[in-house]
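*Asks:* I'd like to ask you about the structure that follows.
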Amino acid sequence: MEYALITVAYLAAAVFFILSLRGLSSQETARAGNTYGIIGMSIAVFATITASEVDRYWLLIPALVIGAVIGRNMAAKVAMTAMPELVALLHSFVGIAAVLVGYATYISQKKSGTVFEVEIFVDVFIGAITFTGSVIAYLKLKGSMSGKPLLLPARHLINLAAVVASLLLGRWFIGFEGSGGIAPLILMTLIAFALGAHLVAAIGGADMPVVVSMLNSYSGWTASAAGFMLGNDLLIVTGALVGSSGAILSIIMCRAMNRSIVNVIFGGFGTDSGAAADAAPSAAEEGEIQETDVTEVVAKLQAAKNVIVVPGYGMAVARAQHKVFEMTELLRDQGVNVRFAIHPVAGRLPGHMNVLLAEANVPYDIVLEMDEINEDFESTDAVLVIGANDIVNPSAMTDASSPIYGMPVLEVWNSPFVVMMKRSRATGYAGVDNPLFVRDCTRMLFGDAGESMDGIVGELRAKAAPAATA
Amino acid sequence: MKLGIPKETHQDERRVAASPAAVRRFVDMGFDVVVESNAGEAASYPDDAYREAGATIGDGDASFGADVVLKVRAPLAQDGTDELARIREGATLVSYVFPAQNEDLVERLRERKITAIAMDQVPRITRAQKVDSLSSMANIAGYRAVIEAANEFGSFFTGQFTAAGKVPPAKVLVIGAGVAGLAAIGAARGLGAIVRAFDTRESVRDQIKSLGGEFLTVEIEESGEGKGGYAKTMSKEFIEAEMALFREQAKDVDIVVTTALVPGKRAPILWTADMVESMKPGSVVVDLAAEQGGNCELTEPGKRVVKHGVRILGYTDMPSRMATVASDLYGTNLAHLLDEMGGAKDFGVDLENDIVRGAIVTHESEVLWPPPAPQPAPQPSPEPAAKPAPAEPKPSAAPKAAPAPAQPEAAAAASTSPVKIAIGIALAAAWLWLRFGTEPSPANGATRELLQHLTVFVLACFVGWQVIWSVTAALHTPLMSVTNAISGIIVVGGLVLATTKVGTAAALIGAVAVLFATINIVGGFLVTRRMLRMFHK
């Protein structure tokens, strides 16, 4: 009877998880989706701790309570701009949990046999890679570690050697009586830790959206592997859902950058195609950078009928999204049609910009995706590019030698007036020159995006105030 | 060639067929113009002004007896004066005729072999715009409707902030955004009112907006585009929705100007008695369709009435109330028409000319009205034609990307190339060999379990794959954090180890795993909730 009850509970939980993912497909149903997820998880946890087998409550209750408090605090205090770091960090917890479960299961000797041992080995391997990979991603996103790819010589060989060594250790691991195989298991775990760290360290900062979604996928496969190990269908199903979700996100991100997933994972951006880029430096457009100031920008914005804002990671760094919203409101009050164009890989997380704009109260129906808005730049009077660079780089379309050639970009240069808000003249994350800077239509507004937005909002207010009282 | 301009005898008619400026055009074209004495008096054009323009002043008979007689109103037969009888047989008459409503008149024109050109029948084609006096008169009527309304209305049109308090702007609703409606919108905006306009034709939306009006419409897909630039009669559902909209507006607006006409029919009742009743006392309704029966149920054509405290103006002589400019514009339209007919030297009826063919009613004892082969609608609603794209649902990035990976499979299923058939046969052969060619061995427990789990795993991957593609790009971050929370399901793995059946070491490690997984679950769900709360429309 108990077996049937728990099976039904797990089935219900799995159904709720599917509903949860389904709910996330649109804004209207997204909150319900999250609630379904919570319900599913509650059912699963409740069913498991009430099982007759589980009786060490003095151990389990504190673990659940402490974990819940820590999780709550992290979720409550994280700034929306720090969302990528948090997501990466949370992935690492899944990884370490999987490793620990693997070890505990092995020590407990609940089952035995080759199939079981292989399952433990795989679970620990994936969990370990997820753990260190996520930690490195977290450090990179947080800025504690350079975003530049770490490119060791013969890094592909190192990775290959690590995998081969793990396989050999796996052969050694199988067939021990009791917990005798703990030594190869620990050795393999260390190798997997190193492999995970190295894999992510070799990926450049600009590819972080892909990395984060890859790790998301790994954390799912980890849970699935644990499910095989424990003979638990709920873990398998849930892990598979999460794993495919992360995989799809990775694919979407890669398509948005016109790069293959293999290229991203093993690439170390800019090295493989770097030679070609160096060979044809003459393709870069020559011209003078034209600077502008807040006053001119405000005048242009006020005279415009249609304005499109293109936010990038710079907006997140400067935490300028609230100022951007204020500007949007002021302009909309004056009858200017302000919209936002979001590139799929803008920011450091898929959908990062949407979250930031939502936080700043920007209504989501004026926030449009690249495909929806790319044709409208021609009829737009002014474009405001806030801290974005590679996603508006015309050489992606014109310069076959550019490393980002072929990546779909927002065609802001079709508008007669483009303001680029940038901290400096430096290249973007991809390390590619942007000929847009020197085009006739472009004006550069150098400085911190937050301060520039302060200036624009202040000036708009000053101009709007007398008009309102007249 | 003699051209006569008689005085209008209709009692409410202040217009005259031509202003002195128009007469100068006729003279320049080579016509010999005779203007009846005092013809332009009511329109503030003295005889001397016509003389200066090159006309001679004559009596009624002289002007009616000309080769071409230019009039505003159709020839009258009343109080013993029969204007038609004064026109020579075989002469040409240019005036309003309204042949559909005046069959007797048409018959008499035919009998007298008069060539009658009806200014109300000028086809509404682009080339004929310069001749289109209905448009010039409608323009005047629309403007005047607002002026009349302002005259009746007891407050400012424009909002004002005065030391004695603030006055809200008047709210004007214009029904029907044809020439008259648009003129009314422009005039009301010019006076500072808030203007809303209703029309069944989507194509006039931009015109309304360009004049500063707000376009009201109902949520039913039906184009009101009829032929000849008029709106057509709408379906019952549409009219019901329209009426509901008007009832709502009635409580709010101060001025209503109705301009809805359906050609050849009584004007539709759009402003019912109960709408009038629900209007604020002191509100004004100006019914420009009064002559065709009126759009307002309580309109009395030609009169000003007060019903439920609302002033309803059913004046049918709006253009005549601005006779000076109306005569000038009408005269200019006539000049363009005469030019189309060849001027003084080559004057004649050319039935190949589409303007003349459309407007001619009788010629040489023949009734030529109605004209054959109606012109295609002059406003082929440019909006739907120019933008077929919005009809297609705009695919977001995710669903758009979705078909790409599916395509090879779809193609594989669709086409049956020899290679694919070969693969199928090879697979079937492999199956048969594995099934019958090898010793059947019973699967042990672990293998059996593994295979069952594998089935579940593959199915779950498939479900996940199908579900995730529909997620919109904007929600990728929440999706990631929610899946992250869900992957905390690994907690179950730790929980099942919290049992006395395993050693303390294993249980402790399991508890640590539970701790990490719980952070992940709680943190993931809460942060997702926080994010999703921020998304709003």
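The values are calculated or read from the model by the stated rules, or taken from the named source; none is laboratory data. Computed from a prediction, not measured in an experiment: that's the story for all the values here. Every residue, glycine among them, receives a Cβ derived from its backbone with ideal geometry; neighbour counts consider all protein chains shown. Ligands, DNA and RNA are excluded from the accessible area calculation, which covers all protein heavy atoms including side chains. Shrake-Rupley method; radii C 1.70, N 1.55, O 1.52, S 1.80 Å.
*Asks:* Anything in segment A:64-95 that is more than 21 Å from the chain's Cα centre (by Cα) and open to solvent by less than 10 Å² (accessible area, probe 1.4 Å)? List them, or say none.
*Replies:* A:GLY67
*Asks:* Tally up the residues in segment A:290-309 that are assigned to a loop (DSSP other than H, G, I, E, B) and open to solvent by 50 Å² or more (accessible area, probe 1.4 Å), please.
*Replies:* Summing the residues that are assigned to a loop (DSSP other than H, G, I, E, B) and open to solvent by 50 Å² or more (accessible area, probe 1.4 Å) in segment A:290-309 gives 3.
*Asks:* Of all residues in segment B:469-507, how many are at the interface with chain A (Cβ under 7 Å from one of its Cβ atoms) and in a helix (DSSP H, G or I)?
*Replies:* 26
*Asks:* In addition: Would you confirm whether or not segment A:134-155 contains a residue that is within 14 Å of another protein chain (Cβ to nearest Cβ) and either closer than 17 Å to A:LEU235 by Cβ or out of contact with any helix residue (DSSP H, G or I) (no Cβ under 6 Å at 6 or more places or on another chain) (or both)?
*Replies:* Checked against the condition, which is being within 14 Å of another protein chain (Cβ to nearest Cβ) and either closer than 17 Å to A:LEU235 by Cβ or out of contact with any helix residue (DSSP H, G or I) (no Cβ under 6 Å at 6 or more places or on another chain) (or both), segment A:134-155 yields no hits at all.
A quick yes/no check of all residues on (1) touching a residue at least 40 places away in the same chain (Cβ under 8 Å); (2) more than 25 Å from B:VAL502 (Cβ to Cβ); (3) touching a Gly at 6+ places or on another chain (Cβ under 9 Å):
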| position | (1), (2), (3) |
| --- | --- |
| A:GLY196 | yes, yes, yes |
| A:SER217 | no, yes, yes |
| A:LEU234 | yes, no, yes |
| A:ALA240 | no, yes, yes |
| A:SER244 | no, yes, yes |
| A:ILE261 | yes, yes, no |
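One line per residue, one yes/no per condition, for (1) of a type in the set (Lys, Arg); (2) surrounded by 21 or more Cβ atoms within 10 Å (Cβ to Cβ):
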site: B:LEU261; (1), (2): no, yes
site: B:ALA267; (1), (2): no, yes
site: B:TRP271; (1), (2): no, yes
site: B:MET279; (1), (2): no, yes
site: B:LEU288; (1), (2): no, yes
site: B:GLY294; (1), (2): no, yes
site: B:ARG304; (1), (2): yes, no
site: B:HIS308; (1), (2): no, no
site: B:THR316; (1), (2): no, no
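*Asks:* Looking at segment A:355-390, which of the residues that are crowded, with 21+ Cβ neighbours inside 10 Å and polar (S, T, N, Q) is farthest from the other protein chains (Cβ to nearest Cβ)?
*Replies:* Step by step, filter segment A:355-390, then rank; the result is A:ASN389.
*Asks:* Mind checking which residues of segment B:155-199 are under 28 Å from the mean Cα position of the chain (by Cα), assigned to a strand (DSSP E or B) and of a type in the set (A, V, I, L, M)?
*Replies:* Result: B:VAL172, B:LEU173, B:VAL174, B:ILE175, B:ILE194, B:VAL195, B:ALA197.
*Asks:* Give the number of residues within segment A:228-248 that are open to solvent by 10 Å² or more (accessible area, probe 1.4 Å), at the interface with chain B (Cβ under 7 Å from one of its Cβ atoms) and hydrophobic (A, V, I, L, M, F, W, C). Outline the logic, then answer.
*Replies:* So the first thing to find is which residues in segment A:228-248 are open to solvent by 10 Å² or more (accessible area, probe 1.4 Å), and the list is A:228, A:230-233, A:237, A:247.
Narrowing further to those that are at the interface with chain B (Cβ under 7 Å from one of its Cβ atoms): A:228, A:230-233, A:237.
Add one more test, that the residue is hydrophobic (A, V, I, L, M, F, W, C), and what stays is A:228, A:230, A:237.
Selection size over segment A:228-248: 3.
*Asks:* Which residue out of A:PHE116, A:PHE93 is at the interface with chain B (Cβ under 7 Å from one of its Cβ atoms) and either over 15 Å from B:ALA485 (Cα atoms) or not in a helix (DSSP H, G or I) (or both)?
*Replies:* Among A:PHE116, A:PHE93, only A:PHE116 is at the interface with chain B (Cβ under 7 Å from one of its Cβ atoms) and either over 15 Å from B:ALA485 (Cα atoms) or not in a helix (DSSP H, G or I) (or both).
*Asks:* Name the residue that is surrounded by the most Cβ atoms within 10 Å (Cβ to Cβ), counting only residues in segment A:115-144 that are free of Cβ contacts under 8 Å to residues at least 40 places away in the same chain and over 21 Å from A:ILE191 (Cβ atoms). I'd like the intermediate steps shown before the answer.
*Replies:* Here is the first cut: in segment A:115-144, the ones free of Cβ contacts under 8 Å to residues at least 40 places away in the same chain are A:115, A:139, A:143-144.
From what is left, the residues that are over 21 Å from A:ILE191 (Cβ atoms) are A:115, A:143-144.
Values: A:VAL115: 19, A:GLY143: 11, A:SER144: 9.
Looking at the filtered set, the residue picked out is A:VAL115.
*Asks:* Of everything in segment A:37-57 that's assigned to a helix (DSSP H, G or I) and within 7 Å of chain B (Cβ to nearest Cβ), which residue is most open to solvent (accessible area, probe 1.4 Å)?
*Replies:* Step one: list which residues in segment A:37-57 are assigned to a helix (DSSP H, G or I), which gives A:37-49, A:57.
With the extra rule that they be within 7 Å of chain B (Cβ to nearest Cβ), the set shrinks to A:37-38, A:41, A:44-45, A:48-49.
Working: A:GLY37: 0, A:ILE38: 62, A:MET41: 7, A:ALA44: 0, A:VAL45: 27, A:THR48: 2, A:ILE49: 31 Å².
If we take residues in segment A:37-57 being assigned to a helix (DSSP H, G or I) and within 7 Å of chain B (Cβ to nearest Cβ), then A:ILE38 is most open to solvent (accessible area, probe 1.4 Å).
Residue-by-condition table, conditions (1) at pLDDT 80 or above; (2) more than 27 Å from B:GLN466 (Cβ to Cβ); (3) in contact with a helix residue (DSSP H, G or I) (Cβ under 6 Å, 6 or more places away or on another chain); (4) not in a loop (DSSP other than H, G, I, E, B):
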position: B:LYS394; (1), (2), (3), (4): no, no, yes, no
position: B:ALA406; (1), (2), (3), (4): no, no, no, yes
position: B:ALA410; (1), (2), (3), (4): no, no, no, yes
position: B:ALA428; (1), (2), (3), (4): yes, yes, no, yes
position: B:LEU432; (1), (2), (3), (4): yes, yes, no, yes
position: B:LEU451; (1), (2), (3), (4): yes, no, no, yes
position: B:LEU454; (1), (2), (3), (4): yes, no, no, yes
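*Asks:* Now, a different point. Just the residues that are surrounded by 14 or more Cβ atoms within 10 Å (Cβ to Cβ), closer than 12 Å to B:ASP254 by Cβ and at pLDDT below 90, please, taken from segment B:168-178.
*Replies:* B:PRO169
*Asks:* In addition: Is it fair to say A:ILE61 is β-branched (Val, Ile, Thr), more than 7 Å from chain B (Cβ to nearest Cβ) and open to solvent by 70 Å² or more (accessible area, probe 1.4 Å)?
*Replies:* On the way: β-branched (Val, Ile, Thr): yes; more than 7 Å from chain B (Cβ to nearest Cβ): yes; open to solvent by 70 Å² or more (accessible area, probe 1.4 Å): yes.
When the stated conditions are applied, A:ILE61 passes them.
*Asks:* Which residue out of B:THR438, B:THR500, B:THR477, B:THR504 is open to solvent by less than 50 Å² (accessible area, probe 1.4 Å) and either modelled with pLDDT under 85 or touching a helix residue (DSSP H, G or I) at 6+ places or on another chain (Cβ under 9 Å) (or both)?
*Replies:* Selected residue: B:THR477, the only one of B:THR438, B:THR500, B:THR477, B:THR504 that is open to solvent by less than 50 Å² (accessible area, probe 1.4 Å) and either modelled with pLDDT under 85 or touching a helix residue (DSSP H, G or I) at 6+ places or on another chain (Cβ under 9 Å) (or both).
*Asks:* Within segment A:310-390, considering only strands (runs of 3 or more DSSP E) that don't extend past its boundaries, which have at least 1 residues that are closer than 25 Å to A:ASN414 by Cα and in contact (Cβ under 8 Å) with a residue 60 or more places away in the chain?
*Replies:* A:337-342, A:382-386
*Asks:* Checking B:THR447 against (1) open to solvent by 30 Å² or more (accessible area, probe 1.4 Å); (2) touching a helix residue (DSSP H, G or I) at 6+ places or on another chain (Cβ under 9 Å); (3) β-branched (Val, Ile, Thr); (4) modelled with pLDDT of 85 or more, only one condition comes out false. Which one?
*Replies:* (4)
*Asks:* Go over the candidates B:ALA485, B:ALA460 one by one and state the one that is closer than 28 Å to A:PHE340 by Cβ and crowded, with 20+ Cβ neighbours inside 10 Å.
*Replies:* Values: B:ALA460 fails: closer than 28 Å to A:PHE340 by Cβ.
B:ALA485 is the lone residue from the list that is closer than 28 Å to A:PHE340 by Cβ and crowded, with 20+ Cβ neighbours inside 10 Å.
Each row is one residue, and each column tells you yes or no for (1) of a type in the set (Phe, Trp, Tyr); (2) more than 10 Å from chain B (Cβ to nearest Cβ); (3) assigned to a helix (DSSP H, G or I); (4) in contact with a Cys (Cβ under 6 Å, 6 or more places away or on another chain).
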position	(1), (2), (3), (4)
A:ALA4	no, yes, yes, no
A:THR7	no, yes, yes, no
A:TYR10	yes, no, yes, no
A:ALA14	no, no, yes, no
A:PHE17	yes, no, yes, no
A:ARG22	no, no, yes, no
A:ALA30	no, no, yes, no
A:THR35	no, no, yes, no
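*Asks:* (1) open to solvent by less than 40 Å² (accessible area, probe 1.4 Å); (2) over 29 Å from B:THR500 (Cα atoms); (3) out of contact with any His (no Cβ under 9 Å at 6 or more places or on another chain): which one isn't true of A:LEU160, the others all being true?
*Replies:* (1)
*Asks:* Tally the residues that are closer than 30 Å to B:GLY142 by Cα and either of a type in the set (Val, Ile, Thr) or open to solvent by less than 40 Å² (accessible area, probe 1.4 Å) (or both), restricting the search to segment B:342-367.
*Replies:* 6
*Asks:* Quick check on segment B:522-537. Is at least one of its residues hydroxyl-bearing (Ser, Thr, Tyr), at the interface with chain A (Cβ under 7 Å from one of its Cβ atoms) and more than 59 Å from the chain's Cα centre (by Cα)?
*Replies:* The answer is no, given that none of the residues of segment B:522-537 is hydroxyl-bearing (Ser, Thr, Tyr), at the interface with chain A (Cβ under 7 Å from one of its Cβ atoms) and more than 59 Å from the chain's Cα centre (by Cα).
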